[in-house]
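Encoded as structure tokens, the structure appears first; notes follow it.
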Amino acid sequence: MVHVLDRQFIEKATVTAPPLRSFLADRLQHTRQRIDAACRRSGRQATEITLVAVTKTVSAPVAAALAELGMEDLGESRPQELWRKAAALPATVRWHLIGHLQRNKIERTLPLVRLIHSVDSIRLLEALDQSSNVPVLLEVNASREPAKHGFSIEELPSLLPRLLALRRVRIHGLMTMAAFEDDPERCRPTFAQVRELRDRLRRDLVALHPLSHLSMGMSNDFEVAIEEGATLVRIGTALWEGMPAV
Ligand SMILES: *Cc1c(COP(=O)(O)O)cnc(C)c1O
């Protein structure tokens, strides 16, 4: 058999070809081993961590091939792309929205998603509260990059009265994206800050909002994020690197 990492062969492979499946299986296994190792280092159980495979850069057939391997938590950052892939993939997939949701796309998105990681304004949160009891995470712009969406660390505690007034939507935790760093160790303070903010909010909100999750860590920094308490890691590049779009 051709070696699974033979790039030229993969380029020619169809999605159902065994070489692509073994490429994905290999990547998945390797990623899970890195998750396990980070858990061992930090005295956590691997079962506490949900790996969300971010499929925004791959085609629906590639996402389907991953789902066939048992990887059924998939993430998309654009609602329209999530709608498109959700229509093409089995209903067993649990979709995670990880990017900005415009209010005019709420209605069509809600029935498709298991969790919205990226609630980035009080306006969106209150609009969601009108329509559903969907589980959400609040996105925190902890790295203070102006291009990023999300609440600032300072503003969230001041919103407590409005969070307590929500009737239906439930806040299951916080999400953040660290700034890209060549050395992922430098992301650690960002992740620690978001965990501390979550702990603080939980004390005041737990009767209404569980706040049990931290969605943090991407391909470049997920091990550090796990060591700092992440329960959901959102990984794209580390799964697809070396595999051209099919
Ligand atoms: C694209 C994306 C990811 C995955 O990033 P990788 O570096 O490819 O692992 C995770 N979270 C969000 C919000 C994204 O937009």
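Annotations for the structure displayed:
- Using the empirical formula 2.2 N^0.38 Å as the baseline, the Cα radius of gyration of segment 121-208 reaches a ratio of 1.13.
- The alpha-carbon of Lys148 sits under 14 angstrom from the alpha-carbons of these aspartates and glutamates, leaving out residues fewer than 8 places away in its chain: Asp120, Glu139.
- Exposure proxy order (Cβ contacts within 10 Å, fewest to most) of Ile171, Ile98: Ile171, Ile98
- Under 5 Å, built H, 5+ apart or other chain: amide partners of Met175: Leu138, Glu139, Val140, Ser215
- C-alpha long axis of helix 79-88 to longest principal axis of the chain, angle in °: 50 degrees
- Multiplying the residue separation of Arg167 and Arg108 by 0.36 nm and removing their Cα-Cα distance gives an extension gain of 19.1 nm.
- Counted by Cβ distance under 14 Å from Ala178, the other residues give a net charge of -4, where Lys and Arg count +1 and Asp and Glu count -1.
- The simple spin-label model puts a point 7 Å past each Cα toward its Cβ; for Glu145 and His30 those points are separated by 2.4 nm.
- Rel. contact order, % - alpha carbon contacts under 8 angstrom, at least six apart, segment 169-230: 45 percent
- Sorted by Cβ neighbour density within 10 Å, fewest at the top, the residues Phe180, Phe191: Phe180, Phe191
- For the chain, share of DSSP beta bridges that run antiparallel, in % to the nearest 5: 0 percent
- Degrees separating the helix 122-131 axis from the principal Cα axis of the chain, which is the longest one: 80 degrees
- Distant alpha-carbon pairs in the chain (separation over 32 angstrom), percent: 21 percent
- For segment 90-210, the share of DSSP beta bridges that are antiparallel, to the nearest 5, is 0%.
- Stretch in the chain that is longest and holds no trypsin sites (Lys or Arg not before Pro) that DSSP places in a loop and that have at most 14 other beta carbons within 10 Å: 1-143
- Take every Cα pair under 8 Å whose residues are at least 6 apart in sequence, average their separation, divide by the length of the chain, and the relative contact order is 21 percent.
- With R₀ set to 45 Å, the beta-carbon distance separating Ala207 from Arg84 gives a calculated FRET efficiency near 0.70.
- FRET efficiency for the Glu196 to Ser22 pair, using the beta carbon distance and R₀ = 45 Å, is estimated at 0.60.
Each value in this text was obtained by applying a stated rule to the coordinates, not by laboratory testing. Computed from a predicted structure; not experimentally measured. As a convention, Cβ positions derive from the backbone with ideal geometry for all residues, glycine included, and neighbour counts pool all protein chains shown.
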